[in-house]
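Structure first, then comments.
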Amino acid sequence: MLALLERINPDTSNIDLMVELFDHLRPKRARDGAHASAKVRTLCQLLKGNPRQACALRRYGLRILASRRHTSLYTDIGVLSNDGFFTELKRRISYRILSPALGDEYLNDALDQVIYLDTDYIWISAVPASDWLELFDVIAGDGDGDGNDHIMLNGMLDAIRTLSYRVCAIGLEPKLTSVYAEIETFASPFVMQNVEVNGYLDGYARLLAGDDASASDDAKHLLVMLDQCEVVVAKVRKGALQKGTSIALTYLLVALTQSIDRLRKLLFLVDLTGELPSAPTVNLAAVAKDATPDHVDQPISLRRAAAVALALELIHAHSNKYKVGDLFAGTIDLLARNVTENASRTGEHYIAESRQELGWMFLSSAGAGLIIGFMALIKILTSYLRAAPLVEAFLFSMNYSIGFMFIHLLHFTVATKQPAMTASRIAAGLSSKDGRHIDLDSMAELINKVFRTQCVAVLGNLATALPAAYAIALGYAAITGHHLVTPEKARHLLQDIDPIGSPALIYAMVTGACLFVAGLISGYYDNQALYTRMAQRIGQVRGLRRLLGQVRLRRLGLYLENNLGGLMGNFYFGILLGSIATVGYLLGLPLDIRHITFSAANFATALVGLDHNISWQLAAKSMTGIFAIGAVNLLVSFGLAMWVALRSRQVRFKHGWTLLKALWQRFLGAPINFFVGKKDALDSPPKS
């Protein structure tokens, strides 16, 4: 390291020696923070003992800074571009494979050359900020009249202007104004903040030129405009929950939020009055405390703390700027929030509040079980066609899809469709990020209601699916003179639901995943129906208006807007169930599905096919398999849906054990009420 310091030429801006210096500081393992800290302290001691080398390093660093443009470092790193989600995704993927060409014009390209590993942020952040600040102070010295006081300042001022123009442009996007039309009615804060920024920067330029005019009042007005911009962003997000959203709108909101936040941080750094508040996204007091050496009583200034926080943020964002996962984390999570919010509202229809509603839920699920009995018949008959694999997959899929959509049209309920919806409703009740303000009793009551509703729905499905399939098999034998299934086929149907001797539970997990995907699809299409104003669009179709009339067309539009998610979710769920086995066959993978209600129907069909000649052990094993398949269906779909719902709301719930104890106490206190609800519960109209 000492030999490297001796080679530094203070009159060059070539980046190679700086790259070598960081190579010396970089530990072999990124998480070896102690080794990195020791190297930084060693460099600091070497420079303290050799002022001439410290001066040479300072002049060398200033030449690098002076020869490059700084603005893009503050405006592009850690802030989404205006290109849109899919353009940004394509760019990240292509640069992940082959990184872009680096030049000598921009400071962010120099950063790319110096900290070129994705893991550099780990060891840089592991070194205490106090060590970095001490090294910086040693290098900076007294400046020796270098005349470069405003190198960083000018870049930050230009970045403030650029970010302001971006905020203005994004704030006037039609995608935002369509959700929050008041932006066009009243003076837009996005436009006004740009006016204030220009006024502030003009005043700042006069101040740097020696004018006594103060820019503090302009800065305060600017912060008021930024506050109003954030209020509008919050209203747009709230409106998107009611009116739906899209990837493009969500991307714009993320980019807008990031730009405003970076604007606040830069304004705090360039402020000369000390009157501006810091950005709310960073705790400068905590940063200042952590960055203060142990032997110093007075914490470092908030300005230095803000510089440390921004530097670490830029380095972290730079290390992850081509990671696709970060783009999805910032954008898709917000979109998932809107999708799961629609699923949450749908989930309210799957929660019975009273015994009367439990009764209606039983009848609703019983109707679905009856239809599933006929769907099982059609699938068995279709399998006898011995069609080509893809044709057979199409026929199976249409049987499932049409059947499930018919169940939805009749307002019946398939029990396994509930968890993907009710998980979002439960997650909505856990929206406190710290988990300290959650009413655990209310949550326990909600989960108890979901549990008992689910149990009743399962029983309702089985109460009719079993006898319906049994009656169909008997009727088929009476009409045709032979059984619906041969003894070999019947034994195969029983083997398929064996929980131990077959992969039935693994296939049940696949079905649970399909149920989860169907729930997301339902939420997505519900969101799209709201966002695109489907009812209004259908009402504008002139051909349908002449065919149906204005009143019927309006009713059709409202129905599709309110039920598109349910219809499409059921349609795609049928496609998934009908094609999984064929996809597995074509790929040579052991894939199949097991669904509790269809398994029950198949058991009844097999029982008739064997003329009831089965042992009680086989019957018990089959029934155990049916309920085990149902449990896996429910747990997998509910678990996946709950995970997505919690992540989309950024919830970190830490009271799971306490919640389980509350549920257990409810069960011990009133076991009957735990399963059927309180007798004095208020009756309410059935939910469709």
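FYI, it's all coordinate maths here, none of it is from the lab. Everything numeric in this text was worked out from a predicted model, so none of it was measured. For neighbour counting, all protein chains shown are included, and Cβ atoms are generated from backbone atoms with ideal geometry for every residue, glycine included.
Structure above, values below:
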| quantity | calculated |
| --- | --- |
| Under 5 Å, built H, 5+ apart or other chain: amide partners of Arg69 | Tyr106, Leu107 |
| The chain: relative contact order in percent, alpha carbon pairs under 8 Å with at least 6 residues between | 16 |
| Angle between the chain longest axis and helix 596-609 axis [Cα atoms, degrees, rounded to 10] | 30 |
| Over 25 Å between alpha carbons, listed pairs Lys48/Lys265; Lys379/Lys489; Lys265/Lys289; Lys90/Lys175; Lys489/Lys621 | Lys48/Lys265 |
| Most to least packed among 450-456, 126-132, 632-638 [average Cβ atoms within 10 Å] | 632-638, 450-456, 126-132 |
| Helix axis angle, 85-97 relative to the chain longest principal axis, alpha carbon, degrees | 70 |
| On Cα atoms only, tilt of 189-208 relative to the major axis of the chain in degrees | 20 |
| Calculated SAXS-style log₁₀ I(q)/I(0) at q = 0.23 Å⁻¹ - region 44-96, Debye, Cα scatterers | -0.89 |
| Order by protection proxy (mean Cβ within 10 Å, highest first), peptides 359-368, 514-523 | 514-523, 359-368 |
| Kirkwood hydrodynamic radius (C-alpha pairs) into Stokes-Einstein, region 2-82, 37 °C and 0.692 mPa s, D in µm²/s | 226 |
| Projected-area average for the chain over all orientations - Cα convex hull basis, square nanometres | 40.9 |
